[in-house]
1. Just to check I understand the Karplus step: with θ = phi - 60° and J = 6.51 cos²θ - 1.76 cosθ + 1.60, what whole-Hz values come out for the stretch 99-106, glycine and proline as x?
2. Listing Ser104, Ser49, Ser67 from the residue with the fewest other Cβ atoms within 10 Å to the one with the most, what is the order?
3. Work out, step by step, the length gained on full extension between Arg42 and Thr92: first 0.36 nm times the residue separation, then minus their alpha carbon distance; give nm to one decimal.
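Where a number appears in this text, it was derived from the coordinates with a stated rule and is not lab data. From a predicted model like this one, the values you see are computed outputs, not experimental measurements. A quick note on method: Cβ atoms are made from the backbone with ideal geometry, for glycine too, and the neighbour counts reach across all protein chains shown.
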Amino acid sequence: MRDLCRPFVLIVVLASLYSIPAAAQKVNQPPPSVAAQSAGERPGVPPQSAWTCPVAQPIKGNFTTYSGERCIYHMLGGQFYGKTKPERCYATEAEAIQDGCRRSKR
């Protein structure tokens, strides 16, 4: 019986994460990174959780690099995207570059 409940629980969790009314409310609001740039603040936004960025800012910026570089950003689909804990999240590559990051080589 317990195994039969797992798909239902997964569906409920996914439905709560991707609710359409919440997404519809965000359509009329500019992403936080756009608002921050217009105010002259640093581009990007903080991560949504330890491993994820908000949907509107999927590019992961990582400042703790062993190579001595200031920042490396990772694009969705990149080799290390899933293994990267973001310290800053960006909507565009231009935002990441403006914040002093370079693109990951892999």
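1. Per-residue couplings from phi come out as 8, x, 9, 10, 6, 4, 6, 10 Hz.
2. In order of increasing Cβ crowding within 10 Å: Ser67, Ser49, Ser104.
3. 16.6 nm
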